[in-house]
Every structure is written in C-alpha cells, then in structure tokens.
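Visitor: Pasting a structure here, questions to come.
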Amino acid sequence: MKETKKEKIIREKNQEETSDGIAGLSEWISGRILYLCNEYSLTYRDFAQKAGLSKDTVHNLIYRNSYPTVSTIAKICNGFGISISDFFSDAPFSEIQSLTNEEYCIVLEYRQTDAPKKDRLLTYWAGLNKKLPEDILNRDDI
C-alpha cells in the first residue's frame with residue numbers, strides 16, 4: 001500500500017484545492033479505511049474484493065481522497081462487517097483522527113515494530129532534534 005511519488009503529489013494537490021472541512025473528511029475516510037484494513041490484516045486490494053468494489057475505487061479513496069457515495073460507504077462497511085455507525089464513530093480511531101495520512105501511516109508502522117526497533121527509532125528521533133529520548137517522552141504539551 002505504498003504511495004508513489006505521483007500519487008502523493010496528486011493527493012496533496014487535491015487537498016490544496018478543497019476547503020479544510022471537506023479535505024478533512026476525505027482524509028478521515030482514507031485514514032479510517034487504512035486503519036480497518038490494518039485491523040483486519042487486509043491489503044486494500046483484498047479489501048476491495050471483499051467489499052465488492054474495484055481496486056481503483058479503493059485506491060482513489062485512500063490515495064486521492066475521493067469522496068465515496070452513500071452506497072460505496074455501505075459496501076465499505078459490509079466489507080469490514082461493521083455498521084455505518086461503527087465506521088464513523090469507532091473509539092480507537094477517534095483518538096488519532098486528527099493525524100494526516102503520513103502521520104497515521106507512521107503510527108501504524110510504529111505500532112507493528114518490535115520493542116528494540118522502537119527504542120532505536122526514539123533514539124534516532126531524539127538525535128535529529130538534538131534532544132534526549134527522555135525529553136521526547138516527558139513532554140508537557142501532549
């Protein structure tokens with residue numbers, strides 16, 4: 001599910017051309033699909049087949065921030081076996097719904113990484129910012 005350079009440029013251009021509220025909704029839907037695919041261990045291609053959607057439709061929803069129709073949202077929910085209400089209000093996702101797609105993908109990758117690699121990532125991040133790992137973990141603004 002890696003985004004190509006071209007897809008990233010298109011997605012960013014689409015975000016610039018829409019209002020914040022609408023762009024935020026399409027990003028939220030994109031992130032929600034990515035989150036659920038991760039939860040169910042599905043590639044977006046496998047999910048597309050399960051939901052009865054074309055791979056292009058799911059790809060566009062995730063990477064181009066397309067706006068799904070109501071019937072497409074119903075198919076998405078059926079593909080995951082959840083209600084529309086669950087799709088829009090699931091608590092685990094609401095905690096991170098304000099993240100961009102890039103931030104969200106980083107969080108997902110981090111969560112799937114083992115403890116030694118997480119320690120190395122934290123040390124690397126701290127070094128980039130000329131801080132100690134403890135300084136990053138003990139922030140007051142979080």
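FYI, it's all coordinate maths here, none of it is from the lab. Just so it is clear, the model here is predicted, and its values are computed rather than measured. For neighbour counting, all protein chains shown are included, and Cβ atoms are generated from backbone atoms with ideal geometry for every residue, glycine included.
Visitor: Sort TRP125, TRP28 so that the residue with the fewest other Cβ atoms within 10 Å of its own Cβ comes first and the one with the most comes last.
Guide: Lowest count first: TRP125, TRP28.
Visitor: Under the Karplus relation 6.51 cos²θ - 1.76 cosθ + 1.60, θ = phi - 60°, what is the ordered set of whole-Hz ³J(HN,Hα) values for region 28-38, x standing for Gly and Pro?
Guide: 4, 4, 4, x, 5, 5, 4, 4, 5, 4, 5
Visitor: Around LYS50, with a cut-off of 14 angstrom between Cβ atoms, what is the net charge of the other residues, counting Lys and Arg +1 and Asp and Glu -1?
Guide: +1
Visitor: Only counting other Cβ atoms within 10 Å, I'd like ILE33, ILE73 sorted with the fewest neighbours first.
Guide: Ordered from fewest to most neighbouring Cβ atoms within 10 Å, ILE33, ILE73 come out as ILE73, ILE33.
Visitor: Going by how many other Cβ atoms sit within 10 Å of their own, how do LYS118, LYS50, LYS75 line up, fewest first?
Guide: In increasing order of surrounding Cβ atoms, one gets LYS118, LYS50, LYS75.
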